[in-house]
1. Can you list residue pairs whose Cβ atoms sit under 6 Å apart, with the first residue in the range 157-185 being among the acidic types (Asp, Glu) and the second being part of a helix (DSSP H, G or I) and open to solvent by 40 Å² or more (accessible area, probe 1.4 Å)? Count only pairs 6 or more apart in sequence or on different chains.
2. For the range 80-104: of the residues being open to solvent by 10 Å² or more (accessible area, probe 1.4 Å) and assigned to a helix (DSSP H, G or I), which is farthest from residue 176 (Cα to Cα)?
3. Looking only at the range 29-54, how many residues end up being open to solvent by 50 Å² or more (accessible area, probe 1.4 Å) and under 27 Å from the mean Cα position of the chain (by Cα)?
4. Please indicate, with yes or no, whether at least one residue in the range 197-206 is acidic (Asp, Glu) and closer than 21 Å to residue 323 by Cα.
5. Can you go through 162, 147 and tell me which one is in contact with a helix residue (DSSP H, G or I) (Cβ under 7 Å, 6 or more places away or on another chain) and not in a helix (DSSP H, G or I)?
6. Residues 140, 190: which one is assigned to a helix (DSSP H, G or I), within 19 Å of residue 319 (Cα to Cα) and open to solvent by less than 10 Å² (accessible area, probe 1.4 Å)?
7. Just one of (1) at pLDDT 95 or above; (2) closer than 21 Å to residue 120 by Cβ; (3) part of a loop (DSSP other than H, G, I, E, B); (4) open to solvent by 60 Å² or more (accessible area, probe 1.4 Å) trips up residue 301, so point out which.
Amino acid sequence: MGETLRTLLVGVGARGKIWSRLLADEPLTETVGYVDIDPGNLAWAADRFGATPEMCFATLEAALEAARPDLVLLATPPMDRFGETAQVFDAGAHLLSEKPLTLDFDEGLRIVEAAEAAGLAFAVGLNFRYQHCVRKAKEIFASGELGAPSFSQYVYWRNRDGRRPGLNRFPLTMRQPMLYEQTIHHVDEIRYAYGRDVRRVWCRCHNPPWSMYRDDATVIATLELDDDLIVNYFGAWSGQTKINDFLWRTDCDEGALAQFDLFADLRIARGVGADEFQPIALPAQEPLVDDARLMLSDVARQILAGNLRPHPSGIDHLKTFGIIAAMEESNRTGQPVEMAAFFAQHEVPRHWLELPPD
Ligand SMILES: NC(=O)c1ccc[n+]([C@@H]2O[C@H](COP(=O)([O-])OP(=O)(O)OC[C@H]3O[C@@H](n4cnc5c(N)ncnc54)[C@H](O)[C@@H]3O)[C@@H](O)[C@H]2O)c1
């Protein structure tokens, strides 16, 4: 490995097109190939980023053989990730995979085990952690300036048109689309910002009669975190109107912190007598792009420095992924799930669980 990571992009769909741009902009990566089963997307890469025919591949196998990348960026739908990750590690490449890692927790665990056994770096694309709002919230909670967080409400209320041109189609028919495609980001933000792990979850998933999604587009959950922090979570992709809503508010010993917009508008209320929130000035970010840009730089820098567990690490991701799988289990059984019991049942190594959150 030299000064840059020779990177192979797999999947040049809605997300992969953004990754093409971010990889081209990033000085620590050099794109050495594009893989997609749709020749139209490879033609797009040729047109926009000058991908030569030698850099365009219909299969991951052929691309790994010919391009010999240092890093693979997987931006395919999650259904076949287990096989894809095995091919990547067999080829000796480091991996940055889009979320959700897979749709099966045990498969996810085996992917992390494979990366560890191969001695290869493995990160999962939790770019929401790189939003300025989320980073700032983490900093405020860690500083203790508001005292300990006690309870929180997280409301993500959307009307997501899954048939919109340019948007992926697989969530329309996949199992639990809201939970695995969207809530996974939110739960990861929650763990990350508070720097605490979830001890117990209860969850109910639901699909309104008008939903365009085959499986549940609404998720309602209670998350109990370390030190008796409780989060009331509501996520919906099938709001009946186009009136969207977002709030992530946390009340703490010495005031409150709240984010009023999906990717912006963080405000703080200092002191128990505060009667209004004060805005916190933060630089603007292009949502889902600039956060991913920061993540890519960070992951590339860590890998080039020899860090085999670059954050957001695969090992850390097992805790977020486990919560999502436990939420699905709770929805199925109607019972809360203790995360310690869940991880023991799935035989997640204890020393991984004992690592501090990323
Ligand atoms: N982190 C984020 O903010 C964010 C945002 C959007 C999507 N995503 C994730 O990115 C992933 C891809 O989503 P998308 O919106 O780009 O989906 P998409 O359906 O638009 O694109 C997937 C692409 O992968 C290609 N593909 C499918 N199977 C392939 C294979 N075996 N080999 C090579 N190419 C293959 C398809 O032809 C398509 O071009 C998903 O896991 C999704 O959750 C993440």
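1. Listed pairs, sorted by first residue: none to list.
2. Taking the candidates together, the pick is 90.
3. Number of matching residues: 5.
4. Going residue by residue through the range 197-206, those that are acidic (Asp, Glu) are 197.
With closer than 21 Å to residue 323 by Cα added as a condition, the list becomes 197.
Yes, that holds for at least one residue.
5. 162
6. Details: 140 fails: within 19 Å of residue 319 (Cα to Cα).
Exactly one residue qualifies, and that residue is 190.
7. (3)
This table checks each residue for (1) closer than 21 Å to residue 120 by Cβ; (2) assigned by TED's automatic domain parsing to the domain that holds residue 185; (3) within 9 Å of the ligand (Cβ to nearest atom); (4) out of contact with any Pro (no Cβ under 8 Å at 6 or more places or on another chain).
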{"position": "40", "(1), (2), (3), (4)": "no, no, yes, yes"}
{"position": "43", "(1), (2), (3), (4)": "no, no, no, yes"}
{"position": "56", "(1), (2), (3), (4)": "no, no, no, yes"}
{"position": "62", "(1), (2), (3), (4)": "yes, no, no, yes"}
{"position": "70", "(1), (2), (3), (4)": "yes, no, no, yes"}
{"position": "85", "(1), (2), (3), (4)": "yes, no, no, yes"}
{"position": "89", "(1), (2), (3), (4)": "yes, no, no, yes"}
{"position": "93", "(1), (2), (3), (4)": "yes, no, no, no"}
{"position": "102", "(1), (2), (3), (4)": "yes, no, no, no"}
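The values are calculated or read from the model by the stated rules, or taken from the named source; none is laboratory data. Fair warning: this is a prediction, and the values are worked out from it, not measured in the lab. Note that we place each Cβ from the backbone using ideal geometry, even for glycine, and neighbour counts take in every protein chain shown. To get the accessible areas, we keep the full protein, side chains included, count just its heavy atoms, and leave off ligands, DNA and RNA. Shrake-Rupley method; radii C 1.70, N 1.55, O 1.52, S 1.80 Å.
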